[in-house]
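One structure below.
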Amino acid sequence: MDLENQKRVKEFHDQYGKEDLVVLLGAAEGEAAGLAAETVTLGDPTYAGPLAGVSLGLSVYHICEPEVKAEVDDAVYEEQISMMEMVLDVDDIISEMTAIRDQL
Amino acid sequence: MGGYAVLKGSSYTLAITPDMVLRSGTTQTTEKAVNPESEYLKELPKHLRSYEDAVSYLPNQVYIGNKTPEDLAAEEFPWYDKKTEGKREGKYGEIMPQDEFIGLIQICDVFDLVKLEKAFAKETGKKLAAHGLIGVERAAILDKNEDTQEEIAKLVKEEHAEPLYHDGKLVGAVKRAHDIDVNLSAHVMLENLVTKASSVLSLLHLVKTTGIDPSEIEYVIDCCEEACGDMNQRGGGNFAKAAAEVAGLVNATGSDARGFCAGPAHALLNAASLVKAGTFKAVAVTAGGCTAKLGMNGKDHVKKDMPILEDAIAGFSVLITADDGVSPQIRTDIVGKHTVGTGSSPQAVIGSLVTNPLDEAGLKLTDIDKFSPEMQNPDITKPAGAGDVPEANYKMIAALGVKRGEIERKAIPQFVKDHGLTGWAPTQGHIPSGVPYLGFAREDMLAGKIKRAMIIGKGSLFLGRMTNLFDGVSFVIEANDGSGAGETAGIDEGRIKELIGEAMREFAGSLLSK
Amino acid sequence: MALLKDKKVVIIGDRDGIPGPAIEECAKSAGAEVVFSSTECFV
């Protein structure tokens, strides 16, 4: 994850606390989604950014995961995301995201 | 349909610059700043390829035209662990080694900022003097270098000069152009001279591949992603004219067009419109590459024990002229644009760039034989978690077709195969954006293999922090039916026959060279 | 318990996946407050 984005995530965590904060991802691939999820939960696995060695344990989902989709207005989801469900490997994204959350 | 500007030819060049990966790529310079003792920095040098390996890398051979996108699609993925028969010279350009490219940087420097170590300069000068497109006259400047390595090291240590390395040895430096102005710092000057040199190399090849008299080019549009200027006008410009000067385009002026990765598509539309309007008869669109993106995804490549594939400074140039009755036409009336009001959902983006212009022209998605969106090499992007970018674009186009009821969902893979291309371009931002296909598109249209192609440029404007908007423009190129040549060019029938003959010979020549 | 309703949301979109502003629209429709939205670019 971009270093500046890591910094901002950390700042928002410190400001709002972990209970009130959710991170939503739009990564193109399962692996990238998993890495970003790992960064905001267990810490930056590349040890490059402000979240290296920092375990924020934030709640994190990809926008294409069913739990998130269920809460989004149907018409909005249809307009903004639905086409990409045909493009992205949603199953792979779900399994990578679940694997990270299971470690929490 | 006649009277449109035509695609007269294009050139593509690479310079393999492994030492610049280490010292100028932002992934590496950032790592040195935040984590100087990192494993990545220790491992990285072991993953750099030799020049020969980079030449025998299939995607690079496709870029310069010795192999085709079809050859690439037929090769089993991944490609980095395989070698192909590689040549330095290609139908569209060349792959230049780092030492000669450093020499070319000095040739492109008109402010005496580049200092090269004497022995290195002498050796390199000989090579450039023997280079068919550079020659003795341009290379003569290298003989004027008198500095020793110690003197150059002193410039780096005491004068904030940016070092130039070759094979791990200090061989030169770029001095700062101003003591205080950060826009003229040694770092920025190196970045800009690299861009200029790679643009010049491509322009020289454009003149060669098209056979145009350099004095006939009237306007040049540069569409790279760098900015040149000083503290009072940071992006003042003008890379286009600076490169045109070195390339000997004596009758050209020019300007810079910018739009992140969408820059080339914007520039081509500008060029085609200037020609169609009759303002200029021959316009070149050109761009050099960028040092910053060298090794951009290096961490993932090293982690996966791959070579650093982002080791090339790329460039391209395209010549747009008045209708010759033969070359593919640029349909400046079938244009897609992502507007301020379009929105950023992928379906809105693809709709604005692909289906909206086709609807207006009464064309279906399947009327476009090939789409050329962002042609990034998936060998580079897949291991980095960015996926196969061209394939994702094709799937998006097909998926929108499904939503519109034009394509069946299960037909998406077939649409991707039939109307798509396998990506081969280096991840240098603007370089992969639509334009790498122009060379092959022209050939395939002249050969009657395809009728229409759509070039799509997309740009991440939000990276500049001036807007959160995305951007993009697209246009259709179409095989020339010869009916409108007289409308813009005033060419008689005899000349058309002559041009058709030339094109046939060119095509036959390309078949023979295979 | 709802994941998004009344939560503060940080969005890390992807230029070649789902860009930030598209996720923003979704989060707002679910009753969340978007405190930050960004789009990353790997190419």
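What the table below lists for this structure:
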item	result
Summed residue charge, Cβ within 15 Å of residue B:32's Cβ, Lys/Arg positive, Asp/Glu negative	-3
Zone of residue B:230's modelled label, taken as backbone nitrogen in the range B:161-177 under 12 Å from a point 7 Å along Cα→Cβ	B:177
Cα-based convex hull, the protein assembly as shown, per residue volume (Å³, whole number)	152 Å³
Cut-off 11 Å between beta-carbons: net charge of the residues surrounding residue B:100, Lys and Arg +1, Asp and Glu -1	0
Nitroxide proxy distance, nm - points 7 Å out along Cα→Cβ at residue C:6 and residue B:119	7.6 nm
Over 42 Å [Cα-Cα, chain B], rounded percent	15 percent
Nearest-0.05 FRET efficiency for residue B:88 and residue A:99, computed from C-beta distance (R0 41 Å)	0.35
Difference of contour (0.36 nm per residue) and Cα-Cα distance, residue B:215 to residue B:181	8.6 nm
Rounded Å value of the spacing that divides the Cα centres of the range B:61-125 and the range B:205-224	20 Å
Modelled label reach - residue B:169, point 7 Å along Cα→Cβ, the range B:41-57 residues with backbone N closer than 19 Å	B:50-52
Calculated from backbone phi, Karplus (6.51, -1.76, 1.60) coupling profile of the range B:337-354 in Hz, x at Gly/Pro	9, 7, 9, 4, x, 5, x, 10, 5, x, 5, 5, 5, 5, x, 5, 8, 10
Convex hull of the range B:329-478 built on C-alpha atoms - directionally averaged projected area, nm²	9.2 nm²
Long-range HN-HN contacts of residue C:32 with modeled amide H, under 5 Å	C:6
Links that overshoot a 32 Å alpha carbon limit, given the list B:8/B:196; A:18/B:458; B:91/B:281	A:18/B:458
Along principal axes, Cα extents of the range B:129-189, largest first, whole Å	39, 25, 20
Fraction of accessible area attributable to carbon and sulfur, the range B:327-368 (%, probe 1.4 Å)	49 percent
Sequence-distant aspartates and glutamates (8 or more away, or on other chains) whose Cα lies within less than 20 Å of residue B:241	B:109, B:112, B:191, B:213, B:216, B:218, B:222, B:225, B:226, B:230, B:256
Neighbouring partner chain Cβ atoms per residue of A:56-69, average, 10 Å criterion	3
Potential lengthening between residue B:504 and residue B:160 on full extension [0.36 nm per residue; Cα-Cα distance subtracted]	118.4 nm
Delta accessible area of at least 40 Å² on complex formation, residues of the range B:437-472, 1.4 Å probe, chain isolated as reference	B:462, B:468
Separation of the residue A:7 and residue B:339 label points, Cα + 7 Å toward Cβ, nm	3.8 nm
Relative contact order (%) - criterion: Cα under 8 Å, at least six apart; region: the range B:174-239	30 percent
Fraction of accessible area attributable to carbon and sulfur, chain A (%, probe 1.4 Å)	45 percent
Size-normalised alpha-carbon gyration radius of the range B:152-302, reference 2.2 N^0.38 Å	1.17
Surface per residue (accessible, 1.4 Å probe) for chain B, Å²	38 Å²
Heavy-atom accessible surface that A and C bury in contact, both chains counted, 1.4 Å, Å² to 100	2500 Å²
Accessible carbon and sulfur surface of the range B:7-321 relative to its total accessible area, %, 1.4 Å	52 percent
Computed [θ] at 222 nm, deg cm²/dmol, chain B (DSSP H ≥ 4; -39,500 (n - 2.57); rounded to nearest 500)	-11000 deg cm²/dmol
Where Rh is the Kirkwood radius over Cα pairs, Rg/Rh for chain A	0.98
Residue list for the range B:163-204, given a label point 7 angstrom along the Cα-to-Cβ vector of residue B:153 and an amide N cut-off under 13 Å	B:169-172
Other-chain or far-sequence residues with amide H under 5 Å of residue A:59's (modelled H)	A:23
Using θ = phi - 60° and Karplus 6.51 cos²θ - 1.76 cosθ + 1.60, couplings along the range B:31-40 (whole Hz; Gly, Pro as x)	4, 4, 6, 9, 8, x, 9, 5, 4, 4
GluC sites (Glu not before Pro) restricted to the range B:79-112 and DSSP loop, no more than 15 other C-beta within 10 Å	B:85
FRET efficiency for residue B:42 and residue B:417, using Cβ-Cβ distance with R0 set to 51 Å, rounded to 0.05	0.75
Sum of side-chain charges, residue B:338 neighbourhood, beta-carbon under 11 Å (Lys, Arg +1; Asp, Glu -1)	+1
Mean Cα-pair separation over length for chain A, i.e. relative contact order, pairs under 8 Å, 6 or more apart, %	32 percent
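The values are calculated or read from the model by the stated rules, or taken from the named source; none is laboratory data. Predicted model, so just to flag it, every value in this text is computed and none were measured. Quick reminder, even Gly has a Cβ in these numbers, built from the backbone with ideal geometry, and neighbours come from all protein chains shown. Quick note on the areas: whole protein, heavy atoms, side chains included, nothing else; ligands and nucleic acids left out. Shrake-Rupley method; radii C 1.70, N 1.55, O 1.52, S 1.80 Å.
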